Amino acid sequence: MRLGIILGYRLKDDGSMTKRLMRRCELAIQYINEFGLDKLIVSGGVANEHTSVSEAKRMKDYLVARGLDPDFIIEEDRSMTTRDNMEFSMQIAKEQGLDVNVVVVITTVDHYLLSYNTVKICKEYINDKDINMVLYTDTVDNPDE
C-alpha cells in the first residue's frame with residue numbers, strides 16, 4: 001500500500017489556509033494524478049489559537065472540493081509540529097491496520113530549508129526497514145504564505 005502524508009502548516013487567524021498549505025494540497029493532487037496513492041493522511045492540528053479548526057480539516061475540505069473521495073482521506077488533527085505530523089500519522093496507519101510499504105511525504109520545499117532535518121524526522125517516525133519513504137515537493141521556494 002502506498003500511503004501519502006501531507007504535512008500541515010499553520011492556518012490564518014480567520015481559519016483559512018495559507019497559500020503554502022494550499023500548495024501542499026495541490027502537490028498531493030499532482031502526485032495522486034501522476035503516480036497514485038492508496039490512502040492519504042492530512043496531518044495538522046489547531047496550531048493557531050485564533051481559530052478552532054484544524055489544519056487537517058481545512059486540507060480535507062480543500063481536497064474534497066477538488067474531487068477527491070472523502071473516504072480516501074484520513075484526518076490527523078492533533079499534531080503541532082513536524083515530529084507530531086509523522087508520529088501521529090504513522091500511529092493512525094498502524095491502528096487502522098494499513099499494510100504500508102511506501103510512505104510519500106508531501107510538503108513544500110521551504111519545509112526542507114528549516115534549521116531541523118525534516119527528512120531525518122520523517123524517516124525516524126516511519127521507523128520500519130520494510131517501508132520505503134518518498135519525498136514529494138515542489139522545487140522553488142515560494143515565500144508567499
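The values are calculated or read from the model by the stated rules, or taken from the named source; none is laboratory data. Predicted model only: the values in this text are computed from it and were never measured. A quick note on method: Cβ atoms are made from the backbone with ideal geometry, for glycine too, and the neighbour counts reach across all protein chains shown.
Quick one: how many residues across the range 84-119 are outside any loop (DSSP other than H, G, I, E, B) and modelled with pLDDT under 80?
Result for the range 84-119: 6.
Condition (residue is within 12 Å of the chain's Cα centre (by Cα), small (Gly, Ala, Ser) and part of a helix (DSSP H, G or I)) applied to the range 34-53: is it met by at least one residue?
no
Here is a list of conditions, (1) in contact with a Leu (Cβ under 9 Å, 6 or more places away or on another chain); (2) among the charged types (D, E, K, R); (3) within 12 Å of Ile6 (Cα to Cα), and Asp38 meets all of them except one; can you say which number that is?
Looking at each condition in turn, Asp38 falls short on (3).
Can you give me the number of residues within the range 54-73 that are β-branched (Val, Ile, Thr) and crowded, with 16+ Cβ neighbours inside 10 Å?
1
Of Tyr31, Tyr9, which residue is among the hydroxyl-bearing types (Ser, Thr, Tyr), in a loop (DSSP other than H, G, I, E, B) and crowded, with 16+ Cβ neighbours inside 10 Å?
Sole residue among the options that is among the hydroxyl-bearing types (Ser, Thr, Tyr), in a loop (DSSP other than H, G, I, E, B) and crowded, with 16+ Cβ neighbours inside 10 Å: Tyr9.
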